[in-house]
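Participant: Following this message is one structure expressed as structure tokens.
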Amino acid sequence: MKRLMILALAVGMAGCHEQKKEAPPVEPQPPTAPAAGAQSPNQAENFTKAKESVTDDGYIAFAYAADWDRYSESFAKAWITNADIQKAAGSARLLLAPVYQNVTDKVKKEQEAFWGPIPEKNRGFHDETYPAIMFFDKDGRHYADVYGPDMLTRPVADIAADVAGKLELLHQQEALLKKSAAASGAEAAKYLGEAATMEGINRPDKVAEKLKELDPEDGSGYVRRVTFDGLGFAGEKRKQVADCSSKDARWAAIQDVIKEVEGKLEDNAYTAVQKQEMCAAVIGVLHRDGGYKGSLQIPRWCKRMAELDPESLLGRSAKVVPDVWSWKLNYAEGWTPRGIPDDNTPILLRGDLPISDAGSYTLQFMYHKGKDPLRIKKVMLYDGEELVSEDEHEGEASGSPRNNSYTVTAESKLKEPHVYIIFDNGDKRDSYGMIRIDNE
């Protein structure tokens with residue numbers, strides 16, 4: 001799954017082969033620095049003091065790296081006093097939040113005094129890039145963040161828009177929570193579930209437990225939606241297959257995984273992205289344990305994953321996964337260990353084949369290197385889905401080749417010629433070579 005996510009991040013580079021000279025790094029330029037001692041009207045020294053006058057807009061903390069980054073403090077101080085950001089923040093109490101790398105006893109004491117009523121679990125976030133903007137509701141729940149490397153170059157107007165957007169999400173979520181509190185049963189669960197699955201804002205605390213209490217039969221579907229864990233699901237399916245003791249048993253387990261996911265894809269309780277994570281889990285077991293037969297199914301599952309949400313991270317990764325993870329046998333490039341399946345499933349010879357007119361065609365397998373010979377069982381010529389001709393015999397391409405030529409015949413011109421090859425190498429696939437096609 002991690003590899004799949006890495007591939008998704010690489011989508012933007014797909015097809016870019018030209019080496020470009022990188023421009024020299026540009027020094028980040030913080031917004032105009034505030035005058036010495038300048039403060040926002042809503043700024044507080046710490047959360048204890050801010051709590052005395054907190055409103056429904058809660059708190060906004062401008063976090064900066066206090067002892068290891070020379071830029072982030074100047075950015076945070078410029079933002080907290082910026083008029084556009086102050087306007088976007090409404091009546092939220094604003095704070096400058098120093099974050100330390102070297103946490104001494106003195107720093108611990110200062111940090112405790114600063115955060116005060118904010119529970120320790122709500123005081124930070126895992127994707128730590130600073131400067132960052134952290135959002136808390138009036139009860140101290142950490143409901144959102146704005147952060148990332150581009151914070152150093154983004155226009156202040158864009159950051160102000162993000163601040164206003166997060167506050168709007170908070171009020172929308174709180175409105176749904178009020179509706180849930182006024183209702184009961186499945187209706188209350190529906191409103192709570194909608195609040196919990198809003199994009200761009202964290203879930204309310206203990207939402208899964210509350211949903212189960214309100215809707216024990218999960219008629220609303222929100223229990224399934226809220227409790228689904230994509231990475232956990234992928235790990236569970238991986239273990240389900242990997243724990244099998246034989247290749248046949250693993251293949252049977254993969255079919256069980258596919259059947260389960262097929263059912264879940266029909267369940268409207270799950271979001272499109274969650275369904276994509278299920279597809280990714282299937283792709284993962286097909287890739288790791290499905291052998292060549294599994295690789296044949298990867299493109300179909302990538303297509304389904306992309307169709308669910310083409311613009312999501314997984315939707316975009318679906319475009320490159322088949323090329324990166326599929327078994328490859330290309331006429332122009334020859335064979336490699338990645339083009340030789342570990343079973344007797346026919347593999348398609350890809351590329352622009354010199355086959356179309358009526359006549360006989362001989363495919364000669366010419367070994368180049370590798371500790372294993374290439375063992376061939378059959379070559380089949382198709383026109384579309386129709387088998388036209390085949391040559392079946394045991395051949396070997398090696399330093400001492402044996403019966404390594406196969407001849408197929410077309411009685412008439414072919415509209416959609418395809419060649420499939422069946423190998424017999426099993427797990428011994430350290431072999432490289434080229435395939436030559438001659439028309440007789």
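Participant: Within segment 38-56, can one find any residue that is under 35 Å from the mean Cα position of the chain (by Cα), of a type in the set (G, A, S) and not in a helix (DSSP H, G or I)?
Facilitator: No, because not a single residue in segment 38-56 is under 35 Å from the mean Cα position of the chain (by Cα), of a type in the set (G, A, S) and not in a helix (DSSP H, G or I).
Participant: Turning to a different aspect of this structure: Starting from segment 419-435, keep only residues that are without any contact (Cβ under 8 Å) to a residue 60 or more places away in the chain, then list their pairs with residues that are open to solvent by 10 Å² or more (accessible area, probe 1.4 Å) whose Cβ atoms are within a distance under 9 Å, requiring at least 6 positions of separation or different chains.
Facilitator: From residues that are without any contact (Cβ under 8 Å) to a residue 60 or more places away in the chain, the pairs are K428/K371; K428/D372; K428/P373; K428/R375.
Participant: In this structure, does I347 turn out to be of a type in the set (V, I, T), under 21 Å from Y420 (Cβ atoms) and modelled with pLDDT under 85?
Facilitator: yes
Participant: If you don't mind, there's one more thing I want to ask. Just to confirm my filter: which strands (runs of 3 or more DSSP E) fall fully inside segment 326-440 and include at least 3 residues that are open to solvent by less than 30 Å² (accessible area, probe 1.4 Å) and more than 23 Å from R300 (Cβ to Cβ)?
Facilitator: Output list reads 359-369, 374-383, 386-397, 405-410, 432-439.
Participant: Which condition breaks for A183 when tested against (1) touching a strand residue (DSSP E or B) at 6+ places or on another chain (Cβ under 9 Å); (2) small (G, A, S); (3) over 28 Å from K275 (Cα atoms)?
Facilitator: (1)
Participant: Being open to solvent by 60 Å² or more (accessible area, probe 1.4 Å) and part of a helix (DSSP H, G or I) narrows it down to one residue among A175, A181; which is it?
Facilitator: Checking each option against the conditions leaves just A181.
Participant: Here is a follow-up. Quick check on L296: is it crowded, with 18+ Cβ neighbours inside 10 Å and under 30 Å from I435 (Cα atoms)?
Facilitator: Judged against the criteria, L296 is a match.
Participant: Among the residues that make up segment 184-197, is at least one of them among the charged types (D, E, K, R), modelled with pLDDT under 95, surrounded by 20 or more Cβ atoms within 10 Å (Cβ to Cβ) and more than 16 Å from R141 (Cβ to Cβ)?
Facilitator: Within segment 184-197, one or more residues are among the charged types (D, E, K, R), modelled with pLDDT under 95, surrounded by 20 or more Cβ atoms within 10 Å (Cβ to Cβ) and more than 16 Å from R141 (Cβ to Cβ).
Participant: Of the numbered conditions (1) open to solvent by less than 30 Å² (accessible area, probe 1.4 Å); (2) of a type outside the set (S, T, Y); (3) at pLDDT 95 or above, G221 satisfies every one except a single condition; which is it?
Facilitator: All conditions pass for G221, except number (3).
Participant: Still on this model: Condition (residue is under 18 Å from V223 (Cα atoms), more than 12 Å from the chain's Cα centre (by Cα) and either open to solvent by less than 20 Å² (accessible area, probe 1.4 Å) or modelled with pLDDT under 95 (or both)) applied to segment 299-311: is it met by at least one residue?
Facilitator: Within segment 299-311, not a single residue is under 18 Å from V223 (Cα atoms), more than 12 Å from the chain's Cα centre (by Cα) and either open to solvent by less than 20 Å² (accessible area, probe 1.4 Å) or modelled with pLDDT under 95 (or both).
Participant: Related question: How many residues does segment 224-259 contain that are closer than 29 Å to T197 by Cα, open to solvent by 20 Å² or more (accessible area, probe 1.4 Å) and in contact with a Lys or Arg (Cβ under 8 Å, 6 or more places away or on another chain)?
Facilitator: Number satisfying all stated conditions: 1.
Participant: Inspect all residues belonging to segment 126-137 and state whether any of them is assigned to a helix (DSSP H, G or I), open to solvent by 20 Å² or more (accessible area, probe 1.4 Å) and free of Cβ contacts under 8 Å to residues at least 12 places away in the same chain.
Facilitator: no
Conditions (1) open to solvent by 50 Å² or more (accessible area, probe 1.4 Å); (2) over 30 Å from E217 (Cβ atoms); (3) touching a strand residue (DSSP E or B) at 6+ places or on another chain (Cβ under 8 Å); (4) aliphatic (A, V, I, L, M), marked per residue:
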{"site": "S74", "(1), (2), (3), (4)": "no, yes, no, no"}
{"site": "K87", "(1), (2), (3), (4)": "yes, yes, no, no"}
{"site": "N102", "(1), (2), (3), (4)": "yes, yes, no, no"}
{"site": "V156", "(1), (2), (3), (4)": "no, yes, no, yes"}
{"site": "G165", "(1), (2), (3), (4)": "no, yes, no, no"}
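Participant: Go through segment 204-305 and tell me which helices (runs of 4 or more DSSP H), entirely inside it, have 3 or more residues that are farther than 30 Å from K138 by Cα. Reasoning before the result, please.
Facilitator: Values: elements: 207-214, 222-227, 230-242, 247-265, 272-289.
Because the criterion is at least 3 residues that are farther than 30 Å from K138 by Cα, the helices (runs of 4 or more DSSP H) in segment 204-305 that meet it are 230-242, 247-265, 272-289.
The values are calculated or read from the model by the stated rules, or taken from the named source; none is laboratory data. It should be emphasised that the depicted structure is a prediction, and the values quoted were computed from it without experimental measurement. Using ideal geometry, Cβ is built from the backbone for each residue, glycine included, and neighbour counts are taken over all protein chains shown. Protein only, heavy atoms only, side chains kept; ligands, DNA and RNA dropped before computing areas. Shrake-Rupley method; radii C 1.70, N 1.55, O 1.52, S 1.80 Å.
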